[in-house]
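Take a look at the structure set out below.
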Amino acid sequence: MNIEKIRIEARSLLAELSLDEKISLTAGRDPWSTVPVERLNIPWIWMSDGPHGLRRAPDTTQMGYGDQLRATCFPTASALSASWDVDLMKTVGETLAEECNSQGVNILLGPGVNIKRSPLAGRNFEYLSEDPVLSGELGAAYINGLQSRGIGASLKHFAANNTETRRMHTNSAVDERTFREIYLTPFEIAVKKGKPWTVMACYNRVQGIYGTQNARLLTEILKEEWGSDALVMTDWDAIIDRVEALKAGLHLQMPGGDNPFSLKEIKKAVKREELDESVLDKLVLEILILVLKCKSCEKSPVPMDVEKHHQTARRVASQCVTLLKNENTLLPLDCSKKIKVAVLGEFAKDPRYQGNGSSEVKPTRVDSLWDILQTEYSDTVEFTYSRGYSLQEIENPLSNDEFLKAVKLAENSDAVIIAAGLPLSYESEGIDRKHLNLPESHDNLIEEVSSIQKNTIVVLSNGSAVAMPWESKVTSIVESWVLGQAGAGAIADVLFGKVNPSGKLAETFPIRLEDNPSFLNFPGEEGDCLYGERIFVGYRHYDTKKIEPLFPFGHGLSYTEFEYGSPKLSTSQLSGDEQLNVSFTVKNTGNYRGQETIQLYITDVESTLIRPEQELKGFIKIDLYRGESKKVSFIVEKRDLSYYDSLRKKWIAESGDFELRLGSSSGDIRLRQTFAYTSVDAVQIAIDEYTYISTLWKHKESRHALCRVIPDWLKQFTPAGKAVEEAVIDDFLLDQPVIKLPHFTLGEINFQGIHELVELCRKMTFTA
Ligand code: BGC
């Protein structure tokens with residue numbers, strides 16, 4: 001692809017287009033394609049959902065719900081994120097690109113990197129994590145995989161799209177610091193590291209303005225700050241005011257088709273000079289560039305290798321399965337001698353492998369746990385099955401006798417596997433969950449069986465955290481997420497030890513919903529969703545408030561053990577933009593080959609603002625044979641130490657001590673090291689008459705000025721023999737605004753003096 005040539009061609013095409021043709025290009029032709037201009041040989045391109053598989057309609061004029069072409073259903077984002085594996089994400093992207101190529105699709109609508117703010121959010125199965133760094137890095141890797149094979153990504157849904165309730169209008173009322181630190185960071189990382197060809201603007205309002213016409217988001221932040229050259233499209237039917245959207249930087253309205261209204265509005269606005277034609281031209285040029293870019297990347301379609309992709313999906317799934325609990329090392333099940341295993345729960349035969357809504361893939365096939373166990377593991381294991389609960393309680397209810405039969409079967413076996421979780425109807429685009437619970441029938445079965453069978457293994461399928469009132473009674477819990485069409489094989493391989501589990505939680509599992517930080521503000525009321533917990537999302541809340549979760553962020557067990565050696569820091573004094581290198585050795589000291597994800601958290605020990613107890617800043621997944629050691633290293637940079645200062649509109653790392661923590665989860669920190677950071681940032685502090693005395697006192701430049709104007713007053717706080725600059729003023733006075741100084745100093749400084757002091761301080765530059 002020669003992008004320079006494409007730009008030149010696009011420019012010359014733009015010059016040939018009439019106003020009507022230009023306007024026509026700013027909306028799709030139909031649900032899935034752009035408008036071609038035959039007169040000038042301008043082709044059209046094909047977009048399709050995304051994200052964990054291709055949902056391609058038979059042709060671009062149909063929505064394709066139900067009659068989409070078959071494709072491989074990979075693990076959903078909820079599962080992929082548990083892999084903590086950027087290489088794996090890239091592989092998924094590359095494989096998806098092959099499928100797109102085989103079905104003539106140019107842009108795949110994914111990945112979604114919105115934060116899992118509440119476990120109840122209906123699309124959590126499509127989103128990656130509660131942590132911005134994990135979401136952003138995994139999202140970027142997926143984009144890189146996809147685009148490296150000539151298929152464009154659409155990073156969605158930009159931004160703060162965290163609830164399905166009133167999704168077309170709800171306002172994500174999020175303060176600027178939180179927005180930057182939590183909700184924008186995953187997009188920022190994905191944009192900077194993945195360079196997506198397109199971005200999809202969200203349905204919701206963000207800080208009061210619709211995502212599709214939010215100039216600050218689409219132009220100032222995405223384009224000007226982050227340097228993205230992505231085409232921005234609407235989410236499907238997310239348009240309100242097409243002219244405002246153009247002005248904000250939105251290129252493409254989707255879906256297109258029978259929709260002349262908004263196009264007429266554009267023409268009227270141009271004619272009335274309410275919209276400068278140059279704004280339209282710029283956007284149309286970028287649309288043309290994308291179309292030509294996609295076309296230049298097209299290859300002659302190669303039919304996809306269905307079996308190979310199914311096996312890739314199984315291999316990927318095996319990296320996502322997360323072992324939450326494993327008492328008495330029950331797992332992996334030992335089948336060196338013939339054992340009897342009861343398999344209960346309809347999910348074992350009818351798996352929950354994807355979520356409801358636009359991402360629904362028509363799979364090439366779906367494996368069930370029961371079939372896999374029968375075909376691959378029945379040599380040494382005798383399996384029996386009973387439903388235990390019904391997935392269709394009205395049409396096909398479970399009788400009491402059948403329930404008792406399931407319990408009896410469990411009692412008469414060496415171990416029992418209960419496949420439970422959230423049915424498809426619980427996790428859907430457009431609808432949020434109402435509670436954290438599994439269906440009562442699943443909980444009842446687990447309660448009953450675990451009270452008579454000590455070897456109870458629960459295998460869960462769900463796209464976000466669930467409550468587990470029976471957690472202490474069962475022996476093992478395997479979280480299999482929503483694992484795609486080949487997930488069953490991955491689960492069986494983990495149960496029997498062919499695969500050593502390495503998944504780790506990308507979200508905290510609370511004991512009860514009330515512990516979740518968004519509890520009081522989800523899904524919001526009267527169209528407003530207040531992000532009242534601010535930056536304290538997920539583990540940032542549990543760790544800071546010391547609320548014991550059911551399972552912490554980053555948690556996941558392995559069949560082997562890992563030992564962390566002591567870390568070596570390249571320096572213990574960091575300054576400005578310098579980097580810190582930390583390296584150490586990890587050793588597999590157990591009996592199986594295994595993979596470990598080492599997580600790097602940073603704590604700001606002394607901070608002016610409230611900050612979370614610890615924040616994830618890096619992670620690495622490594623593969624170790626028994627007894628093998630590997631050196632692991634991380635780089636820590638200024639941004640990793642920073643908070644977002646909304647007043648100064650910049651990232652600030654303050655001088656002082658920081659703690660670097662290395663762990664196997666947020667709740668299992670193995671190593672800690674302190675280092676000091678010295679800021680060289682010159683920062684502007686907004687100063688006026690109401691600034692606190694403490695602020696002026698804190699910075700040496702303004703303290704100096706204060707000492708000059710109120711030396712007599714300060715003397716009373718100054719230890720004998722010291723300069724007034726070393727005065728020790730009590731907190732009561734420090735916490736007063738500067739405007740109170742005439743009162744406290746008994747007129748040593750008057751209001752005119754305050755005014756002059758403020759003016760002087762405003763000209764100063766301070767260091768953070
Ligand atoms: C969803 C998007 C999806 C689009 C096209 C919308 O309802 O929010 O994620 O890509 O439909 O199906």
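The values are calculated or read from the model by the stated rules, or taken from the named source; none is laboratory data. Since the structure is predicted, the reported quantities are computational estimates derived from the model, not experimental observations. Quick reminder, even Gly has a Cβ in these numbers, built from the backbone with ideal geometry, and neighbours come from all protein chains shown.
Couple of notes before you dig in:
- When each of L40, L80, L69 is tested for being more than 13 Å from the ligand (Cβ to nearest atom), within 30 Å of S461 (Cα to Cα) and surrounded by fewer than 24 Cβ atoms within 10 Å (Cβ to Cβ), the lone residue that passes is L69.
- Subset of segment 203-219 that is in a helix (DSSP H, G or I) and small (G, A, S) - its residue that is farthest from E244 (Cα to Cα): G211
- Lone qualifier among L530, L580 - being in contact with a helix residue (DSSP H, G or I) (Cβ under 6 Å, 6 or more places away or on another chain), surrounded by fewer than 23 Cβ atoms within 10 Å (Cβ to Cβ) and hydrophobic (A, V, I, L, M, F, W, C): L530
- Enumeration of residues in segment 211-239 that are within 16 Å of the ligand (Cβ to nearest atom) and surrounded by 17 or more Cβ atoms within 10 Å (Cβ to Cβ): G211, T212, A230, L231, V232, M233, T234, D235, W236, A238, I239
- Subset of segment 527-564 [in a loop (DSSP other than H, G, I, E, B), more than 30 Å from S629 (Cα to Cα) and of a type in the set (S, T, Y)]: Y531
- Boolean, L398 is more than 17 Å from I339 (Cα to Cα) and assigned to a helix (DSSP H, G or I): no
- Residue count for segment 353-380, restricted to those that are in contact with a Phe, Trp or Tyr (Cβ under 8 Å, 6 or more places away or on another chain), surrounded by fewer than 18 Cβ atoms within 10 Å (Cβ to Cβ) and touching a residue at least 40 places away in the same chain (Cβ under 8 Å): 1.
- Residue within segment 73-92 that is hydroxyl-bearing (S, T, Y), in contact with a helix residue (DSSP H, G or I) (Cβ under 9 Å, 6 or more places away or on another chain), part of a helix (DSSP H, G or I) and over 17 Å from G110 (Cβ atoms) present: no
- Flag for I6 being buried (at least 21 other Cβ atoms within 10 Å of the Cβ) and touching a helix residue (DSSP H, G or I) at 6+ places or on another chain (Cβ under 7 Å): no
- If you go through segment 49-78 and keep only what is among the small types (G, A, S), over 22 Å from V316 (Cα atoms) and modelled with pLDDT of 95 or more, you end up with just A57.
- Of all positions in segment 408-430, none carries a residue that is in a loop (DSSP other than H, G, I, E, B), without any contact (Cβ under 8 Å) to a residue 12 or more places away in the chain and more than 16 Å from the ligand (Cβ to nearest atom).
- Matching entry among G93, G50, G64 (being in the same structural domain as M254 (by TED's automatic domain parsing), crowded, with 23+ Cβ neighbours inside 10 Å and within 16 Å of the ligand (Cβ to nearest atom)): G50
- Among the residues of segment 686-728, those that are assigned to a loop (DSSP other than H, G, I, E, B), at pLDDT 95 or above and surrounded by 15 or more Cβ atoms within 10 Å (Cβ to Cβ) comprise I710, T718, A727.
- Per-region count, segment 220-243, residues outside any helix (DSSP H, G or I), within 18 Å of I287 (Cα to Cα) and of a type in the set (V, I, T): 3
- Complete set of residues in segment 145-163 that are outside any loop (DSSP other than H, G, I, E, B) and within 14 Å of the ligand (Cβ to nearest atom): G152, A153, S154, L155, K156, H157, F158
- When residues of segment 164-189 are limited to those that are within 12 Å of V206 (Cα to Cα) and part of a loop (DSSP other than H, G, I, E, B), the one farthest from the ligand (Cβ to nearest atom): D175
- Where S102 falls short, out of the listed (1) over 30 Å from G532 (Cα atoms); (2) buried (at least 24 other Cβ atoms within 10 Å of the Cβ): (2)
- Some residue of segment 512-524 being closer than 30 Å to E654 by Cα and surrounded by fewer than 24 Cβ atoms within 10 Å (Cβ to Cβ): no
- Residue check, L250 within 16 Å of the ligand (Cβ to nearest atom) and out of contact with any Phe, Trp or Tyr (no Cβ under 7 Å at 6 or more places or on another chain): yes
- Some residue of segment 351-371 being over 30 Å from E440 (Cβ atoms) and within 16 Å of the ligand (Cβ to nearest atom): yes
- Of all residues in segment 337-394, those being of a type in the set (A, V, I, L, M, F, W, C) and part of a loop (DSSP other than H, G, I, E, B) number 4.
- Tally, over segment 472-497, of residues that are touching a residue at least 12 places away in the same chain (Cβ under 8 Å) and part of a loop (DSSP other than H, G, I, E, B): 12
- Among (1) surrounded by fewer than 21 Cβ atoms within 10 Å (Cβ to Cβ); (2) over 26 Å from K408 (Cβ atoms); (3) within 32 Å of the chain's Cα centre (by Cα), the one test that L323 misses: (1)
- Matching residues, segment 102-114, being of a type outside the set (A, V, I, L, M) and either within 23 Å of E137 (Cβ to Cβ) or touching a helix residue (DSSP H, G or I) at 6+ places or on another chain (Cβ under 9 Å) (or both): N106, G110, P111, G112, N114
- Considering segment 245-268, and only residues there that are out of contact with any Lys or Arg (no Cβ under 7 Å at 6 or more places or on another chain), surrounded by fewer than 22 Cβ atoms within 10 Å (Cβ to Cβ) and part of a helix (DSSP H, G or I), the residue that is modelled with the lowest pLDDT turns out to be P260.
- Some residue of segment 387-402 being assigned by TED's automatic domain parsing to the domain that holds V494, in contact with a strand residue (DSSP E or B) (Cβ under 6 Å, 6 or more places away or on another chain), among the polar types (S, T, N, Q) and touching a residue at least 24 places away in the same chain (Cβ under 8 Å): no
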